[in-house]
C-alpha cells in the first residue's frame, strides 16, 4: 500500500480508501454482518487505513466489528452527517451532535478523524454552511472530531457547483469530489483550488455503472454529444472505451478507471466499495498500478476532456 498526506491535516492516508456506502454497502444487507465486517478487516490487512462511511449508510456497526481489536491510532475514520431529512427539510443545528454521538457509539470510538456534511446541493450550500459549520467547529473543539469535511451530490451536481462555492470559504479541511475518466472536470474546476488551500481530497465515482453497463455508457455518451461535449461521431456507438483493453493499455476498463483517478494530480484518496473480498483485491491492485500509458490518457482526454454533464451513475 502507498500513503499520502491528506491536504494540510497531517493525516497519512492510504491512497486506496474503503468506501462503505454506494450500492454495495459492504454487502451488509445482502450477505450479512460477517461478510461486511470481513471486507473491512481484509482491507485493513491489505494496508488500507482509510475507512469512509456515513450515518445514512447503516454500515457503522460493520465497520466497528471489522476494526475491533485494532488500536484506534492505526486507522482513519471518516463519516458524514445528513443535513437534510428524508423529506428534504434542513435539520435543526442541535441534531448534528445527537447524530454524531449516535455514530460514535455505533462505530465504538470516541472520535472521528473526519466528519463531513453529506451530499450538499448547490442551492442549499449557504444555509447549510451557516447552520452547521459552527456546530462542526464546536464538535472539533470538544474533541469529538479532528477535521471538518464536505461532500458534493455528484449524481446531480456533475459540474461541481457546490464545491466551487465551498472552496471560496474557510473552514473545510477535506472535500469529497466526484471524478472519473468519463467526467474529469474536477481536475480543472476543483482540484487546483483545493491544492492551493491545502484541502485534502477524497475521490468518489471513480467506477460507476456506466463502466460495466454498455447500454448506460451509450446513453451517457449520447448525453455528452447532445450537450456538445463529445464528438457526435461517438453518439450511440458501442465500445467507446474498448480501446483501453484492445490496445493493451489495461486488462479491464475498471482497472483503467481506477488508474486514471489514482494518478490524477490533486487527488489524495481513491475510494472503492464492494461486497466481495475478491473484488476488493482486484480494486486495490488496480489503484496501486502505475499510471496509464500516455497514449491512453491522451485519447481519454481527447474524448472526454470537456465533459461535465454525466456522473456515470
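The values are calculated or read from the model by the stated rules, or taken from the named source; none is laboratory data. Computed from a prediction, not measured in an experiment: that's the story for all the values here. When we count neighbours, we look across all protein chains shown, and the Cβ atoms used for this are built from the backbone with ideal geometry, even at glycine.
Of the listed requirements (1) without any contact (Cβ under 8 Å) to a residue 60 or more places away in the chain; (2) assigned to a loop (DSSP other than H, G, I, E, B); (3) touching a strand residue (DSSP E or B) at 6+ places or on another chain (Cβ under 7 Å), residue 168 misses just one: (3).
How about the stretch 181-200: which of its residues are in contact (Cβ under 8 Å) with a residue 12 or more places away in the chain and either part of a helix (DSSP H, G or I) or under 20 Å from residue 50 (Cα atoms) (or both)?
In the first step, residues of the stretch 181-200 are kept if they are in contact (Cβ under 8 Å) with a residue 12 or more places away in the chain; the result is 181-187, 189-195, 197-200.
The answer is 186, 187, 189, 191, 192, 193, 194, 195, 197, 198, 199, 200.
Scanning the stretch 25-48 for residues that are buried (at least 21 other Cβ atoms within 10 Å of the Cβ) and assigned to a loop (DSSP other than H, G, I, E, B) returns a single hit, 48.
Kindly evaluate residue 154 against the criterion of being under 23 Å from residue 49 (Cβ atoms) and outside any helix (DSSP H, G or I). I'd like the intermediate steps shown before the answer.
Numbers: under 23 Å from residue 49 (Cβ atoms): no; outside any helix (DSSP H, G or I): yes.
Against the criterion (under 23 Å from residue 49 (Cβ atoms) and outside any helix (DSSP H, G or I)), residue 154 does not qualify.
Restricting attention to the stretch 3-50, the residues that are touching a residue at least 40 places away in the same chain (Cβ under 8 Å) and in contact with a strand residue (DSSP E or B) (Cβ under 7 Å, 6 or more places away or on another chain) add up to 20.
Among the residues of the stretch 55-69, are any touching a residue at least 60 places away in the same chain (Cβ under 8 Å), in contact with a strand residue (DSSP E or B) (Cβ under 8 Å, 6 or more places away or on another chain) and within 26 Å of residue 286 (Cα to Cα)? Within the stretch 55-69, not a single residue is touching a residue at least 60 places away in the same chain (Cβ under 8 Å), in contact with a strand residue (DSSP E or B) (Cβ under 8 Å, 6 or more places away or on another chain) and within 26 Å of residue 286 (Cα to Cα). If you check every pair at least six apart or on different chains, which have Cβ atoms under 7 Å apart with a residue in the stretch 201-218 that is within 26 Å of residue 166 (Cβ to Cβ) first and a residue that is surrounded by fewer than 16 Cβ atoms within 10 Å (Cβ to Cβ) and modelled with pLDDT under 95 second? The qualifying pairs do not exist here. Here residue 119 meets the list (1) within 30 Å of residue 305 (Cβ to Cβ); (2) without any contact (Cβ under 8 Å) to a residue 60 or more places away in the chain; (3) part of a loop (DSSP other than H, G, I, E, B); (4) in contact with a strand residue (DSSP E or B) (Cβ under 8 Å, 6 or more places away or on another chain) almost entirely, failing just condition (3).
Of all residues in the stretch 37-61, those being over 19 Å from the mean Cα position of the chain (by Cα) and over 22 Å from residue 146 (Cα atoms) number 6.
Scanning the stretch 216-252 for residues that are assigned to a helix (DSSP H, G or I), buried (at least 18 other Cβ atoms within 10 Å of the Cβ) and within 23 Å of the chain's Cα centre (by Cα) gives 217, 220, 221, 224.
Looking at this structure, is residue 284 in a loop (DSSP other than H, G, I, E, B), at pLDDT 95 or above and surrounded by 21 or more Cβ atoms within 10 Å (Cβ to Cβ)? Walk me through how you get there before you give the answer.
Details: in a loop (DSSP other than H, G, I, E, B): no; at pLDDT 95 or above: yes; surrounded by 21 or more Cβ atoms within 10 Å (Cβ to Cβ): yes.
So residue 284 fails the test.
Against the condition within 27 Å of residue 168 (Cα to Cα), at pLDDT below 95 and out of contact with any helix residue (DSSP H, G or I) (no Cβ under 7 Å at 6 or more places or on another chain), how does residue 88 come out, does it pass? Steps first, answer last, please.
Values: within 27 Å of residue 168 (Cα to Cα): yes; at pLDDT below 95: yes; out of contact with any helix residue (DSSP H, G or I) (no Cβ under 7 Å at 6 or more places or on another chain): yes.
Considered against the rule, which asks whether it is within 27 Å of residue 168 (Cα to Cα), at pLDDT below 95 and out of contact with any helix residue (DSSP H, G or I) (no Cβ under 7 Å at 6 or more places or on another chain), residue 88 comes out as yes.
Just one of (1) in a helix (DSSP H, G or I); (2) surrounded by 17 or more Cβ atoms within 10 Å (Cβ to Cβ) fails for residue 102. It is (2).
Scan 10, 69 and give me the residue that is more than 25 Å from residue 255 (Cβ to Cβ), over 20 Å from the mean Cα position of the chain (by Cα) and surrounded by fewer than 16 Cβ atoms within 10 Å (Cβ to Cβ).
Going through 10, 69 in turn, the sole match is 69.
Could you tell me whether any residue of the stretch 145-166 is buried (at least 19 other Cβ atoms within 10 Å of the Cβ), modelled with pLDDT of 95 or more, within 21 Å of the chain's Cα centre (by Cα) and on the phi > 0 side of the Ramachandran plot? So far as the stretch 145-166 goes, yes, one or more of its residues are buried (at least 19 other Cβ atoms within 10 Å of the Cβ), modelled with pLDDT of 95 or more, within 21 Å of the chain's Cα centre (by Cα) and on the phi > 0 side of the Ramachandran plot.
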